[in-house]
Amino acid sequence: MSKPDRTFYKKTSLELAKAILGFYLVHITPHGRMVGKIVETEAYMGIHDKAAHSYNNNRTKRTEVMFGPPGHAYIYLIYGMYHCMNIVAAETDTPQAVLIRALEPVEGMESMAQLRYKKSLHQCSKKEKTGLSNGPGKLCQAMDISRSENGLDLVNSKHMFLLEDDPPDKKDIITSTRINIGYAEEAIHFPYRFYINSSPYVSVKVNTSK
DNA sequence: ATACAGATCGGT
DNA sequence: CCGATCTGTATA
């Protein structure tokens, strides 16, 4: 398995969001090496997307990374207590990003359990195990990702990067609207969320009945 | 200087 | 459904 290079990230956030499904996110920390498979993403399409932090070319200290080159991490604090991790897409001055919404734990689950619940994995209920990383705030807590990693270059960093893997079966990928963007008017309805349907680690699944 | 809302989560 | 909790951002 190999690390994607810079050109891999130089695509629209919509394309990148689909392309990284099934890839691995690796973070090497003092707690050990932790790896999760990316099973859910959302695209934030930049200056015309009312759900995006960079909507209307909103360039501030917080959103600055998105205006830079692709392949860097955009990490912000939400609701005063959780972090969300994004990967910057597209080219410089095109502020698009992909939010990582859920991971399937692959390696370092013992450390993840400690960071999430302050207890060891074998004392976790089944629900707690799937709850390790099935949401954007949860996965940052489990993988020890915070604003100290903001701006980090996933192409060159030895500590945090992606590893590419075979794409999932196309039939297994569901497209839906994004979560918790009720303020975004028409953008509420944009089909910018993607997930691997067979994964039990997806945060919210679409109601397929009815 | 102040006000206010938020790309979430966990418990009722 | 509701509250936690605090920063980033806008407004004045």
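No value in this document is a laboratory result; all are computed from the given coordinates. What you are looking at is a predicted structure, and each value in this text was computed from that prediction instead of being measured. Reconstructed Cβ throughout: ideal geometry from the backbone, glycine too, with neighbour counts over all protein chains shown.
Summary of computed values
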{"item": "Residue ID - nearest to DNA strand B (Cβ to nearest atom), chosen from residues in the range A:29-85 that are among the hydrophobic types (A, V, I, L, M, F, W, C) and more than 24 Å from A:Ser203 (Cα to Cα)", "result": "A:Met66"}
{"item": "Scan of the range A:133-166 for residues that are out of contact with any Cys (no Cβ under 8 Å at 6 or more places or on another chain) and within 14 Å of DNA strand B (Cβ to nearest atom), ordered by number", "result": "A:Ser133, A:Asn134, A:Gly135, A:Lys138, A:Leu139, A:Gln141, A:Ala142, A:Met143, A:Ile145, A:Arg147, A:Asn150"}
{"item": "Tabulated pairs, the range A:112-134, first over 16 Å from A:Ile145 (Cα atoms), second small (Gly, Ala, Ser), C-beta under 7 angstrom, 6+ apart or interchain", "result": "A:Lys119/A:Ala113; A:Ser120/A:Ala113; A:Leu121/A:Ala113; A:Cys124/A:Ala113"}
{"item": "Residues of the range A:62-85 satisfying the condition of being within 13 Å of DNA strand C (Cβ to nearest atom) and assigned to a strand (DSSP E or B)", "result": "A:Tyr74, A:Ile75, A:Tyr76, A:Leu77, A:Ile78, A:Tyr82, A:His83, A:Cys84"}
{"item": "Whichever residue in the range A:86-116 is assigned to a strand (DSSP E or B) and more than 9 Å from DNA strand B (Cβ to nearest atom) and, among such residues, is surrounded by the fewest Cβ atoms within 10 Å (Cβ to Cβ)", "result": "A:Val106"}
{"item": "Close pairs from the range A:71-87: first under 18 Å from A:Thr60 (Cβ atoms), partner within 8 Å of DNA strand C (Cβ to nearest atom) and in a strand (DSSP E or B), Cβ under 9 Å, at least 6 apart", "result": "A:His83/A:Tyr76; A:His83/A:Leu77; A:Cys84/A:Tyr76; A:Cys84/A:Leu77; A:Asn86/A:Tyr76"}
{"item": "Residue tally, condition in contact with a strand residue (DSSP E or B) (Cβ under 7 Å, 6 or more places away or on another chain) and either in a loop (DSSP other than H, G, I, E, B) or acidic (Asp, Glu) (or both), over the range A:159-178", "result": "6"}
{"item": "The range A:175-187 residues that are within 20 Å of A:Tyr79 (Cβ to Cβ), paired with ones that are among the aliphatic types (A, V, I, L, M) and away from DNA strand C (no atom under 15 Å from the Cβ) (beta carbon under 7 Å, 6 or more apart)", "result": "A:Ile181/A:Ala187; A:Ile181/A:Ile188; A:Gly182/A:Ile188"}
